[in-house]
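Note sheet for the following structure.
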Amino acid sequence: MGWMSIYFHFVPFFRDAVTLLLDHLTHSIMKHRKMKPLELPPENRPLPRFDKIFVVETNEIGHFINEAIIKAVAISNEIQRMPDAVSMLAYLHNIQRLDEVPQLIFLDLANTDCTEVDFMNEFRTMSDFVRDRCKIIIIADDLSQEEKIILSTFPSVIKIIIKPLDVFQLRDFT
């Protein structure tokens, strides 16, 4: 068996294991605190603030966790995944209509050759309607103070989050 077949064999297992673990932890915490699950009727749920967002994440499990957190906060009607920065930049370069532009991008470039600053320098070359409409949240393991200063100069970067992502960091977007 090659490494790719091993990878594709075990990824679904890990995704299912993470789902079960998160469900078990949530249930245990709620039971310990004697809480009942909060179910809002559909008419009382907050309307999502964004129509379309993208999550750029190379790690399948990391993407699954980030997407679950984003869905829990109900930020968007539609969440799409891009496997890497190159695919996201290619998508943005090929946009023809305004409704194709994502309103928000969660950018997690851990373990890739492309840095957040490289991505933003390339993003700077996009057309005006893409740069004006698209906002970016950077999710990083660690950033130097210099990188944070450079990234804060880009008008499209609206937030820098140091991992792990949680719902409290996203409360401004609901």
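The numbers here are math on the coordinates, done by the rules we state, and not lab data. Everything quoted here is computed from the prediction, not taken from an experiment. Note that each Cβ is placed from the backbone with ideal geometry, even for glycine, and that neighbours are counted across all protein chains shown.
Using the Cα gyration tensor of segment 40-173, with a ≥ b ≥ c the square roots of its eigenvalues, what is the shape: rounded (a/c below 1.5), prolate (a/b larger than b/c) or oblate (neither)?
Numbers: a/c = 1.62, a/b = 1.23, b/c = 1.32.
Judged from the Cα gyration tensor, segment 40-173 comes out oblate (a/c at least 1.5, b/c at or above a/b).
Out of the trypsin sites (Lys or Arg not before Pro) in segment 67-121, which ones are loop residues according to DSSP with at most 15 other C-beta atoms within 10 Å?
Numbers: sites: 71, 81, 97; in loops: 97.
Those that pass, being in a loop and sparsely packed, are 97.
Please work out the FRET efficiency for the pair residue 166 and residue 93, using the Cβ-Cβ distance as r and a Förster radius of 25 Å; give the result to the nearest 0.05.
Once the sixth-power term is evaluated, E becomes 0.15.
With a ≥ b ≥ c the root eigenvalues of the C-alpha gyration tensor of segment 53-108, is it rounded (a/c under 1.5), prolate (a/b larger than b/c) or oblate?
Numbers: a/c = 3.20, a/b = 1.33, b/c = 2.41.
Taking the square roots of the gyration eigenvalues as a ≥ b ≥ c, segment 53-108 is oblate.
Would you check segment 40-173 for Lys pairs whose C-alpha atoms are within less than 16 Å, ignoring same-chain pairs closer than 8 in sequence, and give me the count?
On the way: 52/71; 52/135; 135/159; 148/159; 148/163.
Lysine pairs, 8 or more places apart or on different chains, close enough: 5.
Spelling out what I want: for every residue of segment 151-156, take phi, set θ = phi - 60°, compute 6.51 cos²θ - 1.76 cosθ + 1.60 (Karplus), and round to whole Hz; glycine and proline get x.
5, 6, 7, 7, x, 6
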